[in-house]
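> Following this message is one structure expressed as structure tokens.
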Amino acid sequence: MKKIKSLLLRIGRITGLKYAVVAVVAIVLIGFVDENSAWNHLRNKQRISELEEEIAAYTERCHLDQERIRTLDANPKAIEKIARERYFMKADDEDVFVLSDDEQPDLNTTR
């Protein structure tokens with residue numbers, strides 16, 4: 001404790017040094033430690049720009065979905081097309097063949 005006290009007294013005697021120490025401590029506190037530090041400010045700006053890009057992507061997706069809804073409302077053939085492609089539905093007079101490139105296991109091999 002005496003060593004620290006003597007060190008602080010020496011720093012206090014040198015006129016310019018105590019101001020430099022206070023300035024360095026203030027810069028460290030303001031720049032890195034504080035809740036509203038410059039470091040946190042830069043991170044928040046980066047996060048805001050990422051979120052704005054995400055908002056733009058979702059807005060574009062919303063416009064495309066709205067356009068698709070308008071198309072479906074106006075054209076019943078579009079609903080039929082989606083039902084055929086996504087849900088594998090068919091008309092009564094049709095036959096559907098599903099082709100696959102997957103390899104089938106050979107059932108003739110003996111163990």
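The values are calculated or read from the model by the stated rules, or taken from the named source; none is laboratory data. Quick caveat, the model's predicted, so the values are computed rather than measured. For neighbour counting, all protein chains shown are included, and Cβ atoms are generated from backbone atoms with ideal geometry for every residue, glycine included. We work out accessible area using only protein heavy atoms, side chains counted, and drop any ligands, DNA or RNA first. Shrake-Rupley method; radii C 1.70, N 1.55, O 1.52, S 1.80 Å.
> Taking residue 36, is it in a helix (DSSP H, G or I) and either polar (S, T, N, Q) or surrounded by 10 or more Cβ atoms within 10 Å (Cβ to Cβ) (or both)?
No: the conditions fail for residue 36.
> Give me the pairs: first residue in the range 1-26 and closer than 30 Å to residue 37 by Cα and part of a helix (DSSP H, G or I), second residue at pLDDT below 80 and open to solvent by 100 Å² or more (accessible area, probe 1.4 Å), beta-carbon distance under 9 Å, and six or more apart or on different chains, which are they?
17/10
> State yes or no: is residue 83 in contact with a helix residue (DSSP H, G or I) (Cβ under 9 Å, 6 or more places away or on another chain), open to solvent by less than 100 Å² (accessible area, probe 1.4 Å) and either part of a helix (DSSP H, G or I) or basic (Lys, Arg) (or both)?
Considered against the rule, which asks whether it is in contact with a helix residue (DSSP H, G or I) (Cβ under 9 Å, 6 or more places away or on another chain), open to solvent by less than 100 Å² (accessible area, probe 1.4 Å) and either part of a helix (DSSP H, G or I) or basic (Lys, Arg) (or both), residue 83 comes out as no.
> Between a first residue in the range 91-111 that is part of a loop (DSSP other than H, G, I, E, B) and a second residue that is modelled with pLDDT of 65 or more and surrounded by 10 or more Cβ atoms within 10 Å (Cβ to Cβ), which pairs have beta carbons less than 7 Å apart while being 6 or more apart in sequence or on different chains?
What qualifies is 96/90.
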